Amino acid sequence: VVNYRYTHVYNAAGLIHETVFDFIIKNVGGSFRNGFGIEVNTTADLIKEITGYSHTTGIISIDGKGLENNQTKPVIIVFDDAWANVNQNDGRMRVTIHYNQPIANNQLGSLNPFIFIDGDRGREVHLVDMEPTDLMDTSLFGTADDDSNPAIGRYYRNSTNLPWGINILYDFTFPKEKMAINMGYTMFSSWAVSGGSQFG
């Protein structure tokens, strides 16, 4: 569970000078040493430098700007091991995008947050119907309970539409370890199966 907030810092001309991401790792649970990243829907040439990330395992390859190598879109790996960071500074992290020159709002597109599982960089989990990054092992789609179908833009859900990841506007009280989310939030399954039309 990761709380996050991002803030654009504007100059006097109303252009974005930098973007600041504040993260709090709230809970890691289990034994998996998961990593967390964000794909940014913009072009890498706008970015001068990324600061504040924490890479401790040696599994992430980055360029001189701090962006992950071998990606079409800019990808920021915030941390590669949640366990290594949850007890540091109360799990708080600040990552900043510094731009080559101030940019307009429409030059920075949507954000695509994801985790990767237990040190396996190719095993990504994104929000529902968000595309994977270039480093995803796409052979995992359709295996076990996954019902992803890239041909129709269906990603990261099972056959009844339950998602592998969720984004919540407010602070989240997470269920006890090993307890499914729909045991603590009894309307969750109906909401997910209905595609958000029920109990939304």
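Any idea what the relative contact order of the chain is, in percent, if you count C-alpha pairs under 8 Å spaced at least 6 apart?
19 percent
Taking the alpha-carbon centroid of each part, what is the distance from region 123-200 to region 5-80 in angstrom?
22 Å
Per the Kirkwood treatment, what hydrodynamic radius in Å, one decimal, follows for region 134-200 from the mean inverse distance over all distinct Cα pairs? Don't skip to the end; give the middle numbers.
Details: mean 1/r = 0.0740 Å⁻¹.
The Cα-based Kirkwood calculation yields 13.5 Å.
Dipole magnitude of the chain about its Cα centre, charges +1 at Lys/Arg Cβ and -1 at Asp/Glu Cβ only, in debye to the nearest 20?
Values: 14 positive and 22 negative charges, 89 e Å.
So the dipole magnitude of the chain works out to roughly 420 debye.
At 37 °C and 0.692 mPa s, what whole-number value in µm²/s does Stokes-Einstein give for the translational diffusion of the chain, with Rh from the Kirkwood sum over Cα pairs?
Translational diffusion coefficient: 182 µm²/s.
Starting from the Cα of D147, step 7 Å along the direction of its Cβ; do the same at Y170; then give the gap between the two resulting points in nm.
2.9 nm
Just the C-alpha atoms of region 84-200: what Rg/Rh do they give, with Rh taken as the Kirkwood radius?
1.00
With a 1.4 Å probe and every protein chain kept in, tell me what percent of the accessible surface of region 131-177 is carbon plus sulfur.
Solvent-exposed carbon and sulfur of region 131-177 make up 50 percent of the total.
Return one whole number: the accessible area per residue of the chain in Å², for a 1.4 Å probe. Provide the component values of the computation, followed by the final result.
Numbers: 11190 Å² over 200 residues.
Value for the chain: 56 Å² per residue.
The values are calculated or read from the model by the stated rules, or taken from the named source; none is laboratory data. All of these numbers come straight from a predicted model, not from anything done at the bench. Note: ideal-geometry Cβ built from the backbone for every residue, glycine included; neighbour counts use all protein chains shown. Ligands, DNA and RNA are excluded from the accessible area calculation, which covers all protein heavy atoms including side chains. Shrake-Rupley method; radii C 1.70, N 1.55, O 1.52, S 1.80 Å.
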